[in-house]
Amino acid sequence: MTGVARIQDSKDGMSVSPIRGYVMAGGASSRFGSDKALARLGGETMLARICRALDDATGNVSVVSSLTNYTGVDARMVPDRWPGEGPLGGIITALQDARANDPRATHCLIVSCDMPFLTAEWLQFLCTHAATNVAQIVVPRSARTLEPLCACWRVGAAAILQPLFDGGVRRVTQVFEHTETEILDEPHWKRFDSAGRLFWNMNTPQDYEDAVKALAEEGR
């Protein structure tokens with residue numbers, strides 16, 4: 001991994017990243033018709049594909065999910081504390097897990113499992129930018145919308161998000177009104193997105209077919 005500052009582990013001399021990587025998986029996938037995390041692209045599942053990209057960017061990866069039956073993925077499984085309550089509960093689960101299990105962690109890179117065109121290079125840039133920024137959340141804005149499920153969150157933001165969640169907030173973008181958030185517009189991410197697909201979501205069977213075709217054309 002390049003770019004992200006690392007901390008020296010006093011016990012074994014190994015360097016570790018202060019940014020923890022988390023993949024959100026196990027959602028309803030109602031429009032897709034089956035669990036998107038298990039859809040296969042390029043000889044591997046979507047979950048394995050995203051886990052590999054996060055591991056390349058941060059040197060570690062965990063999966064937040066209400067499911068526990070994912071196999072063939074080299075990642076910690078973290079039970080979603082609020083299954084069925086949407087991605088905000090999963091984000092808070094990740095932040096609290098990082099705080100509880102790694103006192104050195106400063107941020108969480110949190111990514112959805114349904115973005116087949118994400119690259120480790122972009123995720124590394126996002127981590128590096130967040131690590132040198134005072135914002136609690138660093139989130140890209142694509143040509144369509146903000147992308148909170150491809151964002152870097154300070155671990156301490158959990159203290160703000162939890163009361164909002166307890167008060168009934170479920171839409172992730174609502175929390176940006178209550179936190180110090182930096183938005184990365186096109187000048188930041190365009191060089192990582194020559195094909196215009198970086199933040200593309202795979203939501204339907206047709207999206208899956210389109211992704212298979214596009215990846216084949218790119219040789220990936």
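The values are calculated or read from the model by the stated rules, or taken from the named source; none is laboratory data. Worth saying up front: this structure is predicted, and the values here are computed from it rather than measured. Cβ atoms come from the backbone with ideal geometry, glycine included; neighbour counts cover every protein chain shown.
Within region 180-192, does at least one residue satisfy the condition of being touching a residue at least 24 places away in the same chain (Cβ under 8 Å), among the charged types (D, E, K, R) and surrounded by fewer than 13 Cβ atoms within 10 Å (Cβ to Cβ)?
From region 180-192, those touching a residue at least 24 places away in the same chain (Cβ under 8 Å) are 180-186, 188-189, 192; that's our starting set.
Among the residues that remain, those that are also among the charged types (D, E, K, R) are: 180, 182, 185-186.
Remaining after also requiring surrounded by fewer than 13 Cβ atoms within 10 Å (Cβ to Cβ): 185-186.
The answer is yes, given that some residue of region 180-192 is touching a residue at least 24 places away in the same chain (Cβ under 8 Å), among the charged types (D, E, K, R) and surrounded by fewer than 13 Cβ atoms within 10 Å (Cβ to Cβ).
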Considering only region 193-209, state which residues are surrounded by fewer than 17 Cβ atoms within 10 Å (Cβ to Cβ) and under 17 Å from the mean Cα position of the chain (by Cα). ARG197, ASN203
Hey, ASP74 hits all of (1) in a loop (DSSP other than H, G, I, E, B); (2) more than 29 Å from SER194 (Cβ to Cβ); (3) out of contact with any Cys (no Cβ under 9 Å at 6 or more places or on another chain) but one; which does it fall short on? (3)
So for region 125-138 (the condition being crowded, with 24+ Cβ neighbours inside 10 Å, of a type outside the set (Gly, Ala, Ser) and closer than 30 Å to LYS213 by Cα), does at least one residue qualify? yes
Mind listing whichever residues of region 46-71 are touching a residue at least 12 places away in the same chain (Cβ under 8 Å), under 19 Å from SER34 (Cβ atoms) and either β-branched (Val, Ile, Thr) or outside any helix (DSSP H, G or I) (or both)? ILE50, VAL63, SER65, SER66, LEU67, TYR70
Just need a number here: residues in region 165-179 that are touching a residue at least 60 places away in the same chain (Cβ under 8 Å) and either surrounded by 13 or more Cβ atoms within 10 Å (Cβ to Cβ) or aromatic (Phe, Trp, Tyr) (or both). 5
Enumerate the pairs (first residue in region 74-91 and farther than 22 Å from ALA48 by Cβ; second residue anywhere and in a helix (DSSP H, G or I) and β-branched (Val, Ile, Thr)) with beta-carbon separation below 9 Å, excluding pairs fewer than 6 apart on the same chain, so at least 6 apart or on different chains. ARG81/ILE92; ARG81/THR93; TRP82/ILE92; TRP82/THR93; GLY86/VAL172; LEU88/VAL172; LEU88/VAL175
Residues that are under 28 Å from THR204 (Cβ atoms) and modelled with pLDDT of 75 or more: does region 7-19 have at least one? no
Given (1) closer than 15 Å to VAL23 by Cβ; (2) surrounded by fewer than 20 Cβ atoms within 10 Å (Cβ to Cβ), number of the condition ASN69 does not satisfy: (1)
Going through region 103-121 in order, the residues found to be surrounded by fewer than 22 Cβ atoms within 10 Å (Cβ to Cβ) and either β-branched (Val, Ile, Thr) or not in a loop (DSSP other than H, G, I, E, B) (or both) are THR106, THR119, ALA120, GLU121
Sort out which residues of region 210-220 are surrounded by 14 or more Cβ atoms within 10 Å (Cβ to Cβ) and in contact (Cβ under 8 Å) with a residue 60 or more places away in the chain, and write them in order of number. ALA211, VAL212, ALA214, LEU215
